[in-house]
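The values are calculated or read from the model by the stated rules, or taken from the named source; none is laboratory data. Values in this document were obtained by computation on a predicted structure and should not be read as measured data. So basically every Cβ, Gly included, is an ideal-geometry build from the backbone, and we count neighbours across all protein chains shown. Accessible surface areas use protein heavy atoms only, side chains included; no ligands, DNA or RNA. Shrake-Rupley method; radii C 1.70, N 1.55, O 1.52, S 1.80 Å.
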Amino acid sequence: KNQVEQSPQSLIILEGKNCTLQCNYTVSPFSNLRWYKQDTGRGPVSLTIMTFSENTKSNGRYTATLDADTKQSSLHITASQLSDSASYICVVSAGGAGGYQKVTFGTGTKLQVIP
Amino acid sequence: EAGVVQSPRYKIIEKKQPVAFWCNPISGHNTLYWYRQNLGQGPELLIRYENEEAVDDSQLPKDRFSAERLKGVDSTLKIQPAELGDSAVYLCASSLAVVLEGTDTQYFGPGTRLTVL
């Protein structure tokens, strides 16, 4: 069964500090991994996407890494801002090109940035 | 460009009542998804459409849930009758193509928060 586990469940950090969120997955065959940001009361918004051959991808202050061998990914947030307060969801797609990719969502990490 | 539009944003009903949600995807997106998201959880797929065809409805509780996408554009999701456990956020998403070398990014609407009393 495809699973995506995220840690920690929740995190509180001071504004300006860095943090790293973790994602472990057991999805096969792996196609791609995305990190989404979901603000309270809003739908998720894609931050990064990485395929098998990519091991890092940046989007501003967000940097995602992927280790396909250990099936782990991390999302690093640099110099956090109050607007980074949100849930961060790791999403892994299984399947190959030419067919439908089955998507598995993690439960998310709820990040709160405080002044 | 307008994003995925959903209505209503909030709905409160009593159990055993029917309820319907509406979604208008991004123009040109032929794939449409309905998800249910419980508090503190990630979204769970209910149904996926390719144009007007439901190609994955394996997680849709068919005894009380139904969905349609008649013209391959907007879609409705219905629950009849609603139960207490149906309280959740119902998210609609759309994407341009099912598979495009792994870049089928889904764009989500704001969701409909359903409360069943």
Review point. Among the residues of segment A:42-75, how many are modelled with pLDDT under 90 and crowded, with 22+ Cβ neighbours inside 10 Å?
Key: 0
Study note, to complete from the structure: The condition of being at the interface with chain B (Cβ under 10 Å from one of its Cβ atoms) and in contact (Cβ under 8 Å) with a residue 24 or more places away in the chain holds, among A:71, A:102, only for A:102
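Being part of a strand (DSSP E or B), farther than 19 Å from residue B:40 by Cβ and of a type in the set (A, V, I, L, M, F, W, C) is the filter here, so list the residues in segment A:64-112 that pass it.
Taking segment A:64-112 as the starting set, the residues that turn out to be part of a strand (DSSP E or B) are A:64-67, A:72-77, A:86-94, A:102-105, A:109-112.
Right, trim to farther than 19 Å from residue B:40 by Cβ and you get A:64-67, A:72-74, A:76-77, A:92-94, A:102-103.
Once the filter is applied, which keeps residues that are part of a strand (DSSP E or B), farther than 19 Å from residue B:40 by Cβ and of a type in the set (A, V, I, L, M, F, W, C), segment A:64-112 yields A:64, A:66, A:77, A:92, A:94, A:103.
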Exercise for review: Tell me which residues, restricted to segment A:26-41, are modelled with pLDDT of 90 or more, farther than 30 Å from residue B:10 by Cβ and open to solvent by less than 60 Å² (accessible area, probe 1.4 Å).
Suggested key: A:33
Review point. (1) within 24 Å of residue B:41 (Cβ to Cβ); (2) out of contact with any strand residue (DSSP E or B) (no Cβ under 8 Å at 6 or more places or on another chain): which one isn't true of residue A:16, the others all being true?
Key: (1)
Practice item. Can you give me the number of residues within segment A:45-70 that are at positive phi and touching a Lys or Arg at 6+ places or on another chain (Cβ under 7 Å)? Key: 0
Practice item. Being within 11 Å of chain A (Cβ to nearest Cβ), assigned to a strand (DSSP E or B) and open to solvent by less than 40 Å² (accessible area, probe 1.4 Å) is the filter here, so list the residues in segment B:37-49 that pass it. Key: B:37, B:45, B:48
Practice item. Could you give me the residue pairs with C-beta distances under 6 Å whose first residue belongs to segment B:1-15 and is on the phi < 0 side of the Ramachandran plot and open to solvent by less than 40 Å² (accessible area, probe 1.4 Å), whose second residue is in a strand (DSSP E or B) and among the polar types (S, T, N, Q) wherever it lies, and which are 6+ apart or on separate chains? Key: B:4/B:94; B:6/B:112
